[in-house]
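In what follows, a single structure is set out as structure tokens and then discussed.
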Amino acid sequence: ASPLIVDDKVVVLPGGSGGKSVVAYNKITGAPVWKSLDDPQAYVSPMLMNLNGRRQIVVVTSTRVVGLVPENGSLLWSFPWNTSMGINVSQPIPVGPSRFFISAGYGQGAALVDVSGGSARAVWENTNMKNKFNSSVVHQGHAYGLDEGILSCVDINTGERKWKGGRYGYGQVILASGHLIISTENGELVLVRATPQQHTEVARFQAINGKTWNYPAIAGGKLLMRNANEMAAFNIAAQ
């Protein structure tokens, strides 16, 4: 997991018992500020969210999702989220003022979680989206992501699957200008329309070679892609 900078603190996830699963240090001096929880950790980076009108640090451990007070690390709420392997990788996605979307592989599925009223509850929960180690994106009320390697579209408010199609393996998905940019597991780049009507590929080509699990990135009109062997940049700026 990546560290999170919040105000004058840097928050990291060493994991484990003794109340040291989540730790905040002063970002200038490195002095400990607070320590919290006893959870084994996952692969999810801590995120700063504003849920139910309150700023909080959302952490996905190996067994649950929690909200912590940024100033002292105290627990605000907890939502069980435990896969058969104890592995969580996908980032939670804020949806509206008090809700977030969460997904996991290993048979777990996805859920829309509401944290209003001081507790966390599932608005819906099913197995229509199983993000193993990639995260979905949300666009105009729908979540798009790789459901165990197959691209799927799910209604974010109901959990209903709109379509499923396109075998891209354990790649990654990002959203840009109403389209999904997918890097496949074997190094292809695919452009798909972000629409709940149907799965429609616009373009597809081999970008790099070899197993590709890294996220692509867009900056300065360039699309950047890499894996353990190669890196490439493509000009996608409007002509």
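The values are calculated or read from the model by the stated rules, or taken from the named source; none is laboratory data. In this text the structure is predicted, and so the values were computed from the model without any measurement. Neighbour counts are summed over all protein chains in view; Cβ atoms, including those assigned to glycine, are modelled from backbone coordinates with ideal geometry. Surface accessibility is based on the protein's heavy atoms, side chains included, excluding ligands, DNA and RNA. Shrake-Rupley method; radii C 1.70, N 1.55, O 1.52, S 1.80 Å.
For the range 46-55, a residue qualifies if it is over 25 Å from Met85 (Cβ atoms) and either under 17 Å from the mean Cα position of the chain (by Cα) or not in a strand (DSSP E or B) (or both), and the qualifying residues are Leu48, Met49, Asn50, Leu51, Asn52, Gly53. Consider Arg193 carefully, then state whether it is at pLDDT below 95 and touching a Gly at 6+ places or on another chain (Cβ under 9 Å). Answer is no for this residue.
Taking the range 167-185 as the range and being under 16 Å from Lys132 (Cβ atoms) and not hydroxyl-bearing (Ser, Thr, Tyr) as the test, the residues that pass are Arg167, Gly169, Gly171, Gln172, Val173, Ile182, Glu185. Filtered by the rule that a residue be of a type in the set (Gly, Ala, Ser), open to solvent by 50 Å² or more (accessible area, probe 1.4 Å) and farther than 29 Å from Gly117 by Cβ, the range 1-24 gives Ser2, Ser17, Gly18.
Scanning the range 100-110 for residues that are surrounded by 22 or more Cβ atoms within 10 Å (Cβ to Cβ) and not in a loop (DSSP other than H, G, I, E, B) yields Phe100, Phe101, Ile102, Ser103, Ala104, Ala110.
Scanning the range 1-24 for residues that are under 11 Å from Pro70 (Cα atoms), assigned to a loop (DSSP other than H, G, I, E, B) and without any contact (Cβ under 8 Å) to a residue 40 or more places away in the chain returns a single hit, Asp8. For the range 25-55, the set of residues classified as more than 14 Å from Gly67 (Cβ to Cβ), among the hydrophobic types (A, V, I, L, M, F, W, C), open to solvent by less than 40 Å² (accessible area, probe 1.4 Å) and modelled with pLDDT of 95 or more consists of Trp34 only.
Return yes when Ser90 is buried (at least 19 other Cβ atoms within 10 Å of the Cβ) and not in a strand (DSSP E or B) and no when it is not.
yes
Of the residues making up the range 136-160, those that are free of Cβ contacts under 8 Å to residues at least 40 places away in the same chain and either buried (at least 16 other Cβ atoms within 10 Å of the Cβ) or farther than 23 Å from Val113 by Cβ (or both) are Leu146, Asp147, Gly149, Ile150, Ser152. Taken over the range 161-185, the residue count meeting the criterion of being open to solvent by 30 Å² or more (accessible area, probe 1.4 Å), over 16 Å from the mean Cα position of the chain (by Cα) and under 17 Å from Gly109 (Cα atoms) is 3. State which residue pairs qualify: first residue more than 27 Å from Glu125 (Cα to Cα) and open to solvent by 10 Å² or more (accessible area, probe 1.4 Å) and inside the range 65-81, second residue in a strand (DSSP E or B) and not β-branched (Val, Ile, Thr) in any location, beta carbons under 6 Å apart, and separation of 6 or more residues or different chains. Final answer for the pair search is Asn72/Trp34.
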